[in-house]
Each structure stands twice: as structure tokens, then as C-alpha cells.
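Beneath this line is the structure, given in C-alpha cells, with notes to follow.
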Amino acid sequence: MLRYLTAGESHGKQLTTIIEGIPARMPLLQEDIDHSLLRRQKGHGRGRRMKIEKDLADITSGVRHGYTLGSPISLVIKNDDFKHWTDVMGEDPVEDPENIRRQLTRPRPGHADLNGALKYGHRDMRNVLERSSARETAARVAAGAVAKTLLRHLGIEVVGYVKEIAGIQAKEVTDLTIQQKQDQTEESPVRVLDKEVEQQMMDRIDEAKKDGDSIGGICEVYVEGMPAGVGSYVHYDRKLDSKLSGAVMSINAFKGVEIGIGFEAAKRNGSEVHDEIAWSEERGYYRKTNNLGGFEGGMTSGMPLVIKGVMKPIPTLYKPLKSVDIETKEEFNAGIERSDSCAVPAASVVMEHVVAFELAKAITEQFPSDQFPQLKKALDDYREEIRCF
Ligand code: EPS
């Protein structure tokens, strides 16, 4: 089974990712991972922290001479900021715990601070925020980059981009190839395909920053090359759309997921929702439209996957909301931590990688995957089988 664990605090020494279940004999280069990590760091609206970090993954196991071994792959991303935080984040006992710098007793509304403190009994809520910080998404992107490499070698491409920031909506862009989508989002400071709204979005981010506020938005992930019939209808916990939704919801600050036309389906008649089936020699079975975003019955339909995720505004505000100090129980303005005014562009990269991991997991569950060449052959044979079915 393909799975991964991450470890690491935001201002600790490093982030670590361990991935298990990647087939043996798959080409994998450090640059495949570093490229993804650098993409996550970009985007208009990021704070000062991203100028300090230069995220690079050191592959410390599971790869030899450019190929995977089938053993666990471990990846290490150093936190360059740690050097400024050694006395705050060090692992050794301190003489006077009361005097540790940067303790947090004023929980920030919307963050994990208070609930995490209640659950684990931490009176210094830095013990919560350090792990709940979205810094951890770098480790998730590293895992997703390995999964994306697997998918790419199987002819499956995944791209994430921004659809909306603070109510400013990007128009649907349908006439681009997936390669063009990838290139255009890379050039856009807000990772948007619709050039017309780019400047408006950037201005809105600058305005939020000036006001000490934060803004959220909507990301979309688009996938081409997934064959029909991945996932299953036979049991609730095998439905792939449900697994993907769960994974997307687990990204920091995400509050909703939509597949295809999603919530819009509630307003339409069935005849305006379901995608008619067709067949051609070249494509095999396909749908004339793709309202259902590539999923029917918990399985892929062979059409492109279209998944949206909603990100709330980051809860760390320079214009803090009211909160209660857990020592005095008095009302205060919540503690101010350095933050990003808008992380939606970066979140679209995170979502792309989170989706890629779930897809790689589903594929390696469904097809023989001890060895990458076996997996590739099995998938190619299956594609041919269902085309003529
Ligand atoms: C984050 C706060 C900021 C962000 C951070 C997430 O970090 P810092 O507190 O060091 O300024 O930059 O994101 C990252 C470090 C990252 O790599 O994405 C938060 O509170 O969640």
C-alpha cells in the first residue's frame, strides 16, 4: 500500500517525509521533487518567511543511481529559519521554562491553537502552532512530487491553478492543452489561467496586506490520462472521489471540496447534469460533456478529473480578532505571528500534489506494483482492453 508520514515543526530543524509503497525500478531524480518544492514557495501574497527558505529535498533513502529500490523513500527539507529559533525550538531541557521566548497564551481565532492546547494539555500554544502551521505542506508536496513522477511515467498529468481569490473569479479556460495550462500557471504570479483577472487579484492581495488582513479563494486541480474504472463502487471506503475529497479537505485552511459542477448540480435537472456516453475507435468510450468531473459511481470515467477546493483566509491576522488569554482568562487581541496575506496560489500547488498522491495510491492498489515496469505494462494492457470492450 502506498502511504506516507511527515514530521517536523515549522521553525524546527527540518521536515521529514517517509514514503512507502513506490514500486521498485522507477526513475526518480532529486530535481523532480525540488521543482515542485520551489513552485510551492512562489506566489503573490507570501510573507517574509519564503525569502528565508529555499526548499530542497535531500533524498536520504530508497533511491540508488536514479531509480527507486522499492524500499521506503525518505526526504529531508531543512528549515533555514531554524538558526534564528534555536533557543525557542531546541530539544534539550531548559533551566527556566517560564522564560522561553515567544510563548503563546493568546489563541488565534480560526487556528488549531486553542483546541490543540485543550487536547494535549499544552499551556504554551507554540507547541500546537509549530506543527499545525502550513509549513508542513512542503513535506506533503515532496510526497506528492514522487507520486506525480509515477503518474507522469504512466501518461497521467496533473495540474493545479487558482480559480478565485476573494470573490474575483477566473473565467473558464477550455482551449489549452494540459502542457499549456502548466506553463501558463507557472508564469502567473497568482497561478491563474485567465490573464484578465490577474492584476485585479494581485491588487486585492496588496489591499488585504495593507489592511493587515488575509483573503482566501478557490483552487482547481485538473487531471488527464486517468483510465476509466479506477476506484470502486462496491463499498463506501473504496470510492475514489471520496478519498480524494478527504485528502483535499486535510490541506491546512481548506473548508470545502467540489467535483465537476458540484453544488451547481443541485439546481439543475438530471438531463442537464449527466454526461452522455459515446464511443470512437480512437478514444474508446467517452462522455460528450464532463459535468461530473471525471467520476461516476466512485470510479473514474476516463474523462479529465476536475476537483475544486475552497481555502479560507489564513487566520493569522496583523489586525487581530478578539480572543481570551488562557492564563488570565481576560479578553485580548489574539497574538500576532508573521504570516502570508494570501496563500491561495501556493495552496493550488499543494492541492495538485495531494491529489496526485491519492491517484498514485489508487493505481498502485489496483494494478501489480512491486516493479514499475510491471505496473506500466498492466496499465497499458488495461487501457487497451477497455478501449475495445
Ligand atoms: C504559517 C506562517 C508563516 C508561513 C508558513 C505558514 O510562517 P512563519 O510563521 O515562519 O512566518 O510562511 O508557511 C511556511 C513556512 C511555508 O513553508 O509554507 C502558518 O502560520 O501556518
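General observations
- Taking Cα centre as origin and charging only the Cβ of basic (Lys, Arg, +1) and acidic (Asp, Glu, -1) residues, the dipole magnitude of region 48-126 rounds to 460 debye.
- Taking label points 7 Å from Cα along the Cα-to-Cβ direction, Glu53 and Lys377 give a separation of 4.2 nm.
- Student exercise, the chain dipole from Lys, Arg, Asp, Glu Cβ charges, in Debye to nearest 20: 260
- Distance from the C-alpha centroid of region 122-147 to that of region 32-91: 12 Å, rounded to the whole angstrom.
- Flagged links, alpha-carbon separation over 27 Å, of Lys51/Lys312; Lys255/Lys322; Lys54/Lys239; Lys42/Lys78: Lys54/Lys239
- Low-density loop cleavage sites - GluC sites (Glu not before Pro) in region 203-280, where at most 15 other Cβ are within 10 Å (DSSP): Glu276
- Degrees separating the helix 240-249 axis from the principal Cα axis of the chain, which is the longest one: 20
- Surrounding net charge for Gln371, when Lys and Arg each add one and Asp and Glu each subtract one, Cβ distance under 11 Å: +2
- Dmax and Rg, reported as Rg then Dmax, of region 48-131 (C-alpha, Å): 17.6, 50
- Between Ser242 and Gln14, the FRET efficiency estimated from the beta carbon spacing at R0 = 35 angstrom works out to 0.60.
- The trypsin sites (Lys or Arg not before Pro) found in region 239-316 that occupy coil by DSSP, while having at most 13 further C-beta atoms within 10 Å, are Arg268, Arg283, Lys288.
- Taking the inverse of the mean 1/r over every pair of distinct Cα atoms in region 203-318 gives a Kirkwood hydrodynamic radius of 16.1 Å.
- Sequentially through region 142-151, phi angles give Karplus couplings (6.51, -1.76, 1.60; θ = phi - 60°) of 4, 5, x, 5, 5, 5, 5, 5, 4, 4 Hz, Gly and Pro residues having no value and appearing as x.
- Net +/- balance of residues flanking Ala145 in space, Cβ distance below 12 Å, scoring K and R +1, D and E -1: 0
- Accessible surface of region 280-373 [probe 1.4 Å, protein heavy atoms]: carbon and sulfur percent: 52
- Dipole size of region 24-86 about its Cα centre, with +1 on Lys/Arg Cβ and -1 on Asp/Glu Cβ: approximately 260 debye, rounded to the nearest 20.
- Extension gain, Ser71 back to Met1 (0.36 nm per residue minus Cα-Cα distance, nm): 24.0 nm
- Calculated from backbone phi, Karplus (6.51, -1.76, 1.60) coupling profile of region 98-106 in Hz, x at Gly/Pro: 4, 9, 4, 5, 6, 6, 10, 10, 10
- Using R0 = 35 Å, the C-beta based FRET efficiency linking Lys42 and Glu264 works out to 0.65.
- The GluC sites (Glu not before Pro) of region 283-389 that meet both conditions, a loop assignment by DSSP and at most 11 other Cβ atoms within 10 Å of the site Cβ, are Glu327, Glu330.
- Per residue, region 2-95 exposes an accessible area of 52 Å² to a 1.4 Å probe, with every protein chain left in place.
- Pairs from the list Lys13/Lys361; Lys171/Lys308; Lys163/Lys267 with a Cα-Cα gap above 23 Å: Lys13/Lys361.
- For region 270-312 versus region 197-229, the gap between their alpha-carbon centres in whole angstrom: 24
The values are calculated or read from the model by the stated rules, or taken from the named source; none is laboratory data. Values in this document were obtained by computation on a predicted structure and should not be read as measured data. Positions of Cβ are generated from backbone atoms using ideal geometry, with glycine treated the same way; all protein chains shown enter the neighbour counts. Areas reflect the complete protein model, heavy atoms only, side chains present, ligands, DNA and RNA absent. Shrake-Rupley method; radii C 1.70, N 1.55, O 1.52, S 1.80 Å.
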